[in-house]
Amino acid sequence: MGERTLHVEAGDLGATLESLAATIHGRWGHDPHESYTALLLTSPEDKRLKKVAEEAVEVVMAAKDHDHDHVRYEAADLIYHLMVVLEAEGVNLNELAGELNARMG
């Protein structure tokens with residue numbers, strides 16, 4: 001587990017995800033030695049997918065411990081790594097929102 005984030009304040013999830021998606025998209029072409037996101041984007045797909053699976057398991061384990069802060073921390077890792085996979089596969093947030101909206105009907 002990484003070091004827990006201190007002084008977390010509520011934010012606007014939509015704006016945060018849009019900003020993160022733009023940042024991830026902007027990492028194409030960056031030096032993978034200087035950007036973890038660029039490294040993931042240029043790595044074999046198995047490395048990206050393994051990180052999503054690893055982070056999902058960490059969310060599950062934190063939830064089993066009923067550790068609120070740890071669940072939040074690991075969920076953020078999972079969402080980041082999932083968004084890297086979405087970027088690599090060409091799935092944008094509007095498409096994801098459309099998929100989720102279609103399921104609510």
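The values are calculated or read from the model by the stated rules, or taken from the named source; none is laboratory data. As the structure is a computational prediction, the values presented were derived from the model and not from experiment. Cβ placement follows ideal geometry from the backbone for every residue including glycine, while neighbour counts extend to all protein chains displayed. Each accessible area value is taken on the protein alone, full model and side chains, heavy atoms only, with ligands, DNA and RNA left out. Shrake-Rupley method; radii C 1.70, N 1.55, O 1.52, S 1.80 Å.
A few comments on the model shown:
- Checking the range 67-80 against the condition returns no match, with no residue being among the β-branched types (V, I, T) and farther than 20 Å from L6 by Cβ.
Results for (1) out of contact with any Leu (no Cβ under 8 Å at 6 or more places or on another chain); (2) at pLDDT below 95, shown as yes or no for each residue.
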| site | (1), (2) |
| --- | --- |
| E3 | yes, yes |
| A21 | no, no |
| D46 | yes, no |
| E74 | yes, no |
| L78 | yes, no |
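- Restricting the search to helices (runs of 4 or more DSSP H) fully inside the range 6-105 and requiring at least 2 residues that are without any contact (Cβ under 8 Å) to a residue 60 or more places away in the chain, touching a His at 6+ places or on another chain (Cβ under 9 Å) and open to solvent by less than 60 Å² (accessible area, probe 1.4 Å) gives 36-42, 45-64.
- Candidates in the range 52-87 are the residues that are in contact with a Ser or Thr (Cβ under 9 Å, 6 or more places away or on another chain) and not hydroxyl-bearing (S, T, Y); of these, the one that is nearest to A15 (Cα to Cα) is A76.
- The set of residues in the range 43-58 that are within 16 Å of L86 (Cβ to Cβ) and of a type outside the set (K, R) comprises S43, E45, L49, V52, A53, E55, A56.
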